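A short write-up of the structure that comes next.
All of the numbers you see were taken from the coordinates with simple rules; none came from a lab. Model, not experiment: these values are computed from the prediction. Virtual Cβ from ideal backbone geometry, glycine too; neighbours counted across all protein chains shown.
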Amino acid sequence: MLKTTFLCLVALPLFAQKQPLPDPLLLNNGKRITTANQWRTQRRPELLERFANEMYGHSPGRPSTMRFEVFDTDTKALGGKATRKQVAVYFNGKSDGPRMDVLLYIPNQVKGPVPAIVGLNFWGNQSINADPGIRVSTSWMESGRGNPYIDVSCVVNHRSTEGCRGINARQWPVDSILSRGYALVTAYREDIASDEKSTMFTTGVQPLYPEFQNRGDNFGTVAAWAWGLSRIMDYIQTDKRIDPNRVAVFGWSRLGKAALWAGATDERFALVISHESGAGGAKLFHRGVGENIRRLCTVFPHWFAGNFKKYMDQDTLLPFDQHMVISLVAPRPIYVASAEQDKGSDPEGEFEGAKSASSVYQFLGTQGLPTSTMPPLNQSVQGQIGYHIRPGGHDVTNFDWTQYLAFLDKHIKKK
Ligand code: GCU
């Protein structure tokens, strides 16, 4: 008995040794694919299914009764620079049902359909700019988070107030985006799904699909946000001022996880920017560094599908990893970025995620990430995959946006 216990104790760490990173070009049956067509018709669907089943969850499609109502149009917004539009998306068509407000700024100086950047925001549409025309969010709002980058003292009883206009403007350089000829389209995360343990699955889209919530492959909040991004894309396809073939999806942190999954699942997004997305985003779990699956599944139990919990403490042994999610975007351009002090996101793990997806990009005849070693601080490398790491902490800075706008110019400005 004693002997068996001892054997188990020594044997476990041996068996639990790190496993090599799985190869995205090997089919589930172990065979290597050899053609781009096999990637499209066999391997890509296999990977999508695996990640939907084991990690993010299966999401519903576009609701048949969903409707859009443009409730605001101002052709002289922001001092005449932009046309501001606001659209209520009624997910089930009912005016008293869940509603997502989409805010659009379209540059006036450009004639014809423009490329666009779509991204969810953390603190309501009114937070991204002080523009008094933006409808102040009425959805639940997080308050008092120890976030050094934003003052949320304007949030009262978990609701936004007039004082919350522009509180997050620093991270959304609307002027630069518009001057470069891009439209900016955004919506608030809580309009789509609750990001709060105590109210998880009770607001936004999830209550419309109760049958999903008893399943191990239920769509968690990250997948719900990605689903919301696809619904924004549905609207964009109806708006003549935006070119639906040149739409990039952007997100930071948890919303960067959602942007990545949106880009992986919805090929209408022409380009993806997954900014400091960390665990469940671009970071590899196999390194066993930074935030792990146990933390994700316990601190944020609503983010991923129930099935993901079975991988707690298995980070370095996973039969899949995040480079495979990045590769689902291929051959479309994707940018992954890190910050030096953002240790939870494991910058090196994010870099390795981007680098390890390169094999698929190259297999499909594109450049992938044009470096195999981590670039020095403040140096952006840009192939079909882009990457940079800058000094500082978890944040979105002007430096980050400068690189993103260059990447966008390179890939979708004049497509
Ligand atoms: C937490 C969480 C991260 C997440 C981040 C954010 O730090 O652990 O996974 O990316 O919040 O969204 O700000």
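The table below gives the values:
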read-out: Restraint check, 257/410; 31/410; 85/413; 355/410, Cα-Cα greater than 31 Å; value: 31/410
read-out: Contour minus Cα-Cα distance for residue 237 and residue 110 (0.36 nm per residue); value: 43.9 nm
read-out: Cα-centred dipole magnitude for the chain, charges only on beta-carbon of K, R (+1) and D, E (-1), debye, nearest 20; value: 840
read-out: Order by protection proxy (mean Cβ within 10 Å, highest first), peptides 223-233, 342-352; value: 223-233, 342-352
read-out: Value of Rg to Rh for segment 231-286 (Rh from inverse mean 1/r over Cα pairs, i.e. Kirkwood); value: 1.06
read-out: Reduced Cα scattering model of the chain, Debye log10 I(q)/I(0), q = 0.07, 0.11, 0.15 Å⁻¹; value: -0.32, -0.79, -1.51
read-out: Segment 306-415 - convex hull of the alpha-carbon atoms, volume per residue in Å³; value: 127
read-out: Using alpha-carbon coordinates, inclination of helix 2-15 to the longest axis of the chain, degrees; value: 50
read-out: Tilt relative to the chain, helix 254-265 - C-alpha long axis, 0 to 90 degrees, to 10; value: 80
read-out: Length released on extending from residue 202 to residue 135, taking residue separation times 0.36 nm less the Cα-Cα span; value: 21.8 nm
read-out: Highest-first arrangement of 185-194, 169-178, where packing means the average Cβ count within 10 Å; value: 185-194, 169-178
read-out: For segment 329-390, convex hull volume per residue from C-alpha positions, Å³; value: 63
read-out: D (Stokes-Einstein, µm²/s), Kirkwood Cα radius, segment 165-222, 0.692 mPa s at 37 °C; value: 235
read-out: Computed lengthening from residue 343 to residue 214, 0.36 nm per intervening residue step minus Cα-Cα distance; value: 43.0 nm
read-out: Net charge of neighbours whose Cβ lies under 12 Å from the Cβ of residue 53, counting Lys and Arg as +1 and Asp and Glu as -1; value: -1
read-out: Ranked by how many other beta carbons lie within 10 Å on average, peptides 123-133, 326-336 from highest; value: 326-336, 123-133
